[in-house]
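The values are calculated or read from the model by the stated rules, or taken from the named source; none is laboratory data. A quick note: this is a predicted structure, and the numbers were derived from the prediction, not measured. Virtual Cβ from ideal backbone geometry, glycine too; neighbours counted across all protein chains shown.
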C-alpha cells in the first residue's frame, strides 16, 4: 500500500491543475483585454445603459457614465467587435477599481493612450504634431478623442465639411474666416469635393506650426498642389499656369532661392498667401478679395509702403507677356527678341568674313 | 683676351624716324580705363543676379549677406559708370563747342558707303580695301552700340534700383519692362564686346592706342589712311588700305 499512494500523487496533481486552468479560462476569460473580440459590451451596458448613471470627480465635475447603446452600435468600433474593454483595459472586475483622475480632462488625456494599441502609426504621427508639442503646457491641446470622439466614433470626413467643423471647435475665429472664403463656402454650401478642408493644407495628424520659415517657404507648393493641376483647374475655368509664372516673377525667384538654399531663414518675398490671404481667400473679382483691383494697391503697400497708384502695374500678374495686358513689356520683348539675333549674328558673320579674308590674303602672299 | 681687338659696330643702322600721331587725350584714355573696369565689375556682379535660379549663381550668392554685398558692389560700380557718362557727355559737348574736339565720332553717309565697300571687299567682290578716317565704321559701331547700350542700362538700372519711387512718375509697367531690357541688353553687350571689339583690337591687329594715346605711322597709313592724309598733307598712297 505504501508503494501505491505515491504513484497516484502525480495524476491527482495533474487533474487538479487541469480543473484550475479550465475554471480560470471559463470564469475569468472576459478579463483578457488584448482580445479584440469580446462580449463585454452587453455586460457593461447592463449598468451603463442607465441614463442617470454618473459620478462626481474630486474636482467637483460630474462625469456622466451613461452610454447610449443605439448610438454605440453605429460607431466604427462596435460593429467590428471592438468593445468596451479594448480601451478600458484596467476595468476587469465589478466593483471597478477606484478612478484616480482629478478632472475630466485628466481622464481624457489618460484614456486616449489606448488608441495607440491599434492605431500606432497615426498615434506616432500625432506625437510629432504642433498639438502634441504644446500639450505639456496646455492641457487643452487636443488628443485623439477631442477630434474623433470617444464612444461614438464615426468616419471623420463624412461629410468632408465635418473635418473643418471639427477644427472649428477650438479654432473658431479662423473657421469663421474660412467659412466665408471661396474654399470654405464651396465646402459648406455645395459639399464641393475639390476645395481644401483644414487638413488638406495643415496636415492631418502631424499638424505643424504654420508660422515657421519652413512652412512659409513650402506654402507656394502647397497651393500649387491644386492650382497647378490642369485637369482640376479646368473644371473651374481657372488657369493652371499661375504657379509656373509666379516662379519666374521677382517674388517667385527669390522664394525658390530661399527654398533651395536657406529654408530656415525668414524671408519677406511674397508667397501666395501674402497677396491672396490665408483663410480669407476670395475670387479675384469679389470685392472682398485682397487682390481685387480695388484693394490691390493696399495689399502691395503692406510690403511696399509708400508706393503710388501706378505701382500695381509693375506686377505683371499671373499672365504671359501679351500685347493686351502689358503692351510695353510686349514691345520690349519683341524688340529684344529681334535685335539680339540681328546684332549677334551680324557681328559674328562680319568677324567670320574678316577672318576668312585675312587667311586668304596671307595665303596668297606666301604663295606668290 | 686683351690681344683680341674689341668687336665694334662699324655700320650703325640707318636712322629711321618713326612718326607717331596723337590719337587720344589723357582724359579719354582714363575714361576708357574707368569704363572698362566698371563694365567688368557690373558684368561680374550682374550675371549671378540675372541667373539667380541656377546652381552656379547660388554658389556665389551663398548667403543673403552675399546677395546684399554683390548688389552693393554692383550699385557702386553703377554710380562710377554714371559719373563717367556725365563727364563724358559734359566734356564732349564742352570741347566740341569750343572746337577742341573733332566730330569724327559721328556717323556719316561716308560710313555707310565704307561699310558697303568693306563687305564687298570681304566677299572678294572688290579688290581694294576701303580707306578710313580717324575712326573707321567698325569703331564707330562699337562706340555707338556701347553709347546706346549704356544709356539703356543706366535708365533701366535706375528704375530697378528705385522702382517704388519711379512709379510715382512713370507707369508701373516700366519696372518689368526694365527688368527684361536690363538683363537682355547686358548679355548682348557682353557678347558683342568680346566678339566685335576684342577681335578688332586684339586679333585683327593689336591696337593699344586707347592706352598709349598714340598711333605709329605704319598703322595710321594702313588703317586710317584718310586721317593720315589729312594730318600730313601727304598721300598715304593708293595702296594705303593694303597690308604692307
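Numerical summary
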| item | result |
| --- | --- |
| Out of B:81, B:61, sole residue that is under 30 Å from residue B:24 (Cβ atoms) and either surrounded by 15 or more Cβ atoms within 10 Å (Cβ to Cβ) or within 13 Å of another protein chain (Cβ to nearest Cβ) (or both) | B:81 |
| Qualifying residue in region B:112-129 (condition: part of a helix (DSSP H, G or I) and away from every other protein chain (no Cβ under 14 Å)) | yes |
| Qualifying position, being in a helix (DSSP H, G or I), farther than 24 Å from residue A:343 by Cα and touching a helix residue (DSSP H, G or I) at 6+ places or on another chain (Cβ under 9 Å), among B:160, B:89 | B:160 |
| Matching entry among A:258, A:246 (being part of a helix (DSSP H, G or I), closer than 19 Å to residue B:183 by Cβ and more than 8 Å from chain B (Cβ to nearest Cβ)) | A:246 |
| Complete set of residues in region A:270-283 that are surrounded by 15 or more Cβ atoms within 10 Å (Cβ to Cβ) and over 20 Å from residue B:165 (Cβ atoms) | A:271, A:272, A:273, A:274, A:275, A:276, A:277, A:278, A:279, A:280, A:281, A:282 |
| Test result for residue B:78, in a helix (DSSP H, G or I) and either in contact with a strand residue (DSSP E or B) (Cβ under 8 Å, 6 or more places away or on another chain) or closer than 30 Å to residue A:361 by Cα (or both) | no |
| Flag for residue A:108 being surrounded by 15 or more Cβ atoms within 10 Å (Cβ to Cβ), in contact (Cβ under 8 Å) with a residue 12 or more places away in the chain and touching a helix residue (DSSP H, G or I) at 6+ places or on another chain (Cβ under 7 Å) | yes |
| Any hit, region A:308-316, residues being in a helix (DSSP H, G or I), closer than 30 Å to residue B:117 by Cα and either facing chain B (nearest Cβ under 9 Å) or at pLDDT below 95 (or both) | no |
| Residue identified as facing chain B (nearest Cβ under 8 Å) and either in contact (Cβ under 8 Å) with a residue 12 or more places away in the chain or under 24 Å from residue A:181 (Cβ atoms) (or both) among A:329, A:296 | A:329 |
| Helices (runs of 4 or more DSSP H) (entirely within region B:173-231) containing at least 2 residues that are touching a residue at least 24 places away in the same chain (Cβ under 8 Å), within 14 Å of chain A (Cβ to nearest Cβ) and farther than 30 Å from residue A:308 by Cβ | B:174-192 |
| So residue B:48, is it crowded, with 17+ Cβ neighbours inside 10 Å and within 14 Å of chain A (Cβ to nearest Cβ) | yes |
| Residue within region A:332-355 that is within 12 Å of chain B (Cβ to nearest Cβ), in contact (Cβ under 8 Å) with a residue 12 or more places away in the chain and either closer than 30 Å to residue B:125 by Cα or assigned to a loop (DSSP other than H, G, I, E, B) (or both) present | no |
| Residue in region A:158-166 that is closer than 26 Å to residue A:80 by Cβ, in contact (Cβ under 8 Å) with a residue 12 or more places away in the chain and not in a helix (DSSP H, G or I) present | yes |
| Conditions (1) out of contact with any helix residue (DSSP H, G or I) (no Cβ under 7 Å at 6 or more places or on another chain); (2) more than 14 Å from every other protein chain (Cβ to nearest Cβ); (3) in contact (Cβ under 8 Å) with a residue 40 or more places away in the chain; (4) not in a loop (DSSP other than H, G, I, E, B); number of the one not met by residue A:215 | (3) |
| Residue in region A:234-242 that is assigned to a helix (DSSP H, G or I), buried (at least 17 other Cβ atoms within 10 Å of the Cβ) and out of contact with any strand residue (DSSP E or B) (no Cβ under 7 Å at 6 or more places or on another chain) present | yes |
